[in-house]
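The values are calculated or read from the model by the stated rules, or taken from the named source; none is laboratory data. What you are looking at is a predicted structure, and each value in this text was computed from that prediction instead of being measured. All Cβ positions, even for glycine, are placed from backbone atoms using ideal geometry, and neighbour counts span all protein chains on display. Protein only, heavy atoms only, side chains kept; ligands, DNA and RNA dropped before computing areas. Shrake-Rupley method; radii C 1.70, N 1.55, O 1.52, S 1.80 Å.
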Amino acid sequence: NKYIANSTGFVCAASTNYLLNRIWTFQSHDPQVTRQYMLFLAIALIGLGINNGIIYLLSDRGKLNFYLSKLLAIGVVTIWNFLMNYFFTFTA
């Protein structure tokens with residue numbers, strides 16, 4: 001099923017991203033791993049919504065090239081994810 005595969009891929013990617021950010025980017029030692037992980041996933045899901053929204057507005061409504069719309073969406077969501085995780089997920 002493509003929806004199960006897509007959801008599984010998202011969870012695997014977000015989980016790997018969480019671990020790498022926890023260990024490497026933010027060097028977090030917070031013992032509340034579950035709280036941190038759930039917050040990280042919530043921010044990632046909001047980022048996914050922002051990504052889809054930008055693509056919809058720019059590509060579908062604005063008739064901008066899909067790949068350019070995707071590139072802009074990636075840039076915005078990368079900044080969103082980093083700042084939200086910096087200020088909320090990995091603050092100790």
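What's the magnitude of the charge dipole for the chain around its Cα centre, counting Lys and Arg as +1 and Asp and Glu as -1 at the beta-carbon? Answer in Debye, nearest 20. Provide the component values of the computation, followed by the final result.
Working: 6 positive and 2 negative charges, 42 e Å.
Its charge dipole is roughly 200 debye.
Expressed in nm to one decimal, what extension gain is obtained for the pair Arg35 and Val76 from 0.36 nm per residue of sequence separation less their Cα-Cα distance? Can you show the working numbers first?
On the way: separation 41, 0.36 × 41 = 14.76 nm, distance 2.50 nm.
Additional length available on full extension: 12.3 nm.
Please express the shape of the chain as an equivalent ellipsoid: the semi-axes are the square roots of 5 times the eigenvalues of the C-alpha gyration tensor, given largest first in whole angstrom.
Values: eigenvalues 150, 50, 19 Å².
Each semi-axis is the square root of five times an eigenvalue, giving 27, 16, 10 Å.
Heavy-atom accessible area per residue, the chain, 1.4 Å probe: how many Å²?
Numbers: 6510 Å² over 92 residues.
Spelled out: the 1.4 Å probe surface of the chain, per residue, equals 71 Å².
Compute the helix-to-body angle for 2-20: its Cα long axis versus the longest principal axis of the chain, expressed 0 to 90° and rounded to tens.
50 degrees
At 0.36 nm per residue, minus the direct Cα-Cα distance, what do Ile50 and Phe88 gain on full extension? Give it in nm, one decimal, please. Could the numbers behind the result be given before it?
Details: separation 38, 0.36 × 38 = 13.68 nm, distance 1.80 nm.
Extra length from Ile50 to Phe88 when fully extended: 11.9 nm.
Restricting everything to alpha-carbon atoms, can you work out Rg to Rh for region 52-92 with a Kirkwood hydrodynamic radius?
On the way: Rg = 13.1 Å, Rh = 11.0 Å.
When Rh is taken as the Kirkwood radius, the ratio is 1.19.
Assuming R0 = 35 Å, can you tell me the calculated FRET efficiency for the pair Asn65 and Val11, based on Cβ-Cβ distance, to the nearest 0.05? Each step should come with its number before you reach the end.
Working: r = 30 Å, r/R0 = 0.85.
Computed FRET efficiency for Asn65 and Val11: 0.70.
Once you have the Cα-Cα distance between Trp24 and Leu57, take 0.36 nm times their residue separation minus that, and quote the gain in nm to one decimal. Numbers along the way, then the final one.
Working: separation 33, 0.36 × 33 = 11.88 nm, distance 3.43 nm.
Length gained, Trp24 through Leu57: 8.4 nm.
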